[in-house]
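What follows is calculated from the coordinates using simple rules that are stated; it is not laboratory data. From a predicted model like this one, the values you see are computed outputs, not experimental measurements.
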Amino acid sequence: MEDDKIPRLNYLIERLKVQMELKIELLMLKIAESCGRTIGNVITNLAVLIMVVIGIILISVGAAYLLVPYLGALWKGFLAVAGVYLLLAIVLYLIKDSVIEKPLLNAFTKIILKKEDHGKEED
């Protein structure tokens, strides 16, 4: 009777090893997929951000030149555009908690919770 249990025990141990190796491999694949997706998103968002910054710079230069006839000098046009950006920066700084930080925190929390729920459904 005991001789019969030893091969079964060895078989179960081997099956457990195989299952653990497969779980580790699956985890590594999930990590690789997540890293690839994250890197792709970062690169895409960075490219979009660079294009937006270039667009804002060009619009700012255009606005400064557009203001020359009204203000009388090019430096006054650039100063006016810089003043607008300074006012925007001050306003954003004053309302950053309610308008920027809380919505971003809520969005990230939803994304993280959604990924955790999605990961639980796959197992």
State the label only: which of (i) 96, 47, 20; (ii) 55, 54, 22; (iii) 104, 27, 16 corresponds to Cα extents along the principal axes in Å computed from the shown model?
(iii)
For the chain, please report how many Lys pairs fall under 16 Å Cα to Cα, leaving out neighbours fewer than 8 apart on the same chain.
6
